[in-house]
Amino acid sequence: MTVRVQAEPFDYGAECDGFAQRAQGAAGAVVTFCGIVRDNDGTLTGMDIEHYPGMTERALTAIEAEAQTRWALADSLIIHRHGPLRPGEMIMMVATAARHRADAFAAAEFLMDYLKSRAPFWKKEFTAKDSDWVAARAEDEDALRRW
Amino acid sequence: MTLTVLYFAWVRERIGVPRENVTTTAETVRDLIAELSAREERYALAFSDLASLRVAIDQELSDFDAPLGSAREVAFFPPMTGG
């Protein structure tokens, strides 16, 4: 179980490869996901991600621990960036490893659903004209109910 | 007691500081909000709609009726938008 909260970019390919290499033996399935800065209508110039140092790491670690109790995971990884990001840059990734793919897929979705609404990050979007905080979506809160 | 109070995202922008020490006799989060809101307009504005706010006590998500007890750190912020 690993949690990394960082301003620096990460190498998604290398992270996925390293994670899969470490999972060899115990796991037969690895699921990875990465989130990137989406430019909805071509006007986004950048995004700034604020977080709550200390609570962020605690919340992510708790979410990972919860996933471990629900599924037979060999390993899991969460990397989440903060600070200024440009459109197309990677914001975050999760990876899960399990004996079989069903657990790896379900745990990866669980990690994503929870870190969207329960990890203390806030996104601010910038355009040439103005800037605004991204509002939390009701669908994201609803997504937690399925677990 | 003296608490460290933290603000994030638009709550921070409305109040104008990321953190401050607050000496208070508030027993619950709701009491603390009432106390701050009575102090200055910028607090009243930031706390005007509690449905759009979340609170953490000592870095754990909590609710507005939670007792402050021996809390050291209280944070106010909008619903989170990670991922």
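Nothing in this text is a laboratory measurement; each read-out follows from the coordinates by a stated rule. Since the model is a prediction, treat every value here as computed from it, not as a measurement. Neighbour counts are summed over all protein chains in view; Cβ atoms, including those assigned to glycine, are modelled from backbone coordinates with ideal geometry.
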Quiz item: Counting pairs of alpha carbon atoms under 8 Å apart in space and at least six apart in sequence, what relative contact order in percent does region A:1-130 give?
Solution: 40
Practice problem: Please find, in a Gaussian network model of chain B (springs between Cα atoms separated by less than 10 Å), the residue of B:32, B:53, B:61 whose mean-square fluctuation is greatest. | Solution: B:61
Quiz item: Percent antiparallel among DSSP beta bridges with both residues in chain B, to the nearest 5?
Solution: 75
Practice problem: Decide, for region A:1-70, between rounded, prolate and oblate: order the square roots of the alpha carbon gyration tensor eigenvalues as a ≥ b ≥ c, take rounded if a/c falls under 1.5, and otherwise choose prolate if a/b is larger than b/c, else oblate. | Solution: oblate
Self-check item: Compactness of chain B as Cα Rg over 2.2 N^0.38 Å, two decimals
Solution: 0.99
Exercise. Apply the Kirkwood formula to the protein assembly as shown: the hydrodynamic radius equals the inverse of the mean of 1/r over all pairs of different alpha-carbon atoms; give it in Å with one decimal.
Key: 18.9
Quiz item: To the nearest whole number, what is the average tally of beta carbon atoms from other chains within 10 Å of the beta carbons of peptide A:128-140?
Solution: 2
Self-check item: Per-residue HN-Hα couplings for region A:39-50 [Karplus 6.51, -1.76, 1.60; θ = phi - 60°; Hz; x = Gly/Pro]
Solution: 9, 3, 10, x, 10, 6, 9, x, 9, 10, 10, 9
Practice problem: Count charges around residue B:62 for me, please; just the other residues with Cβ under 15 Å from its Cβ, Lys/Arg as +1, Asp/Glu as -1. | Solution: -2
Exercise. Give the distance, in whole Å, between the Cα centre of region A:125-147 and the Cα centre of region A:14-92.
Key: 17
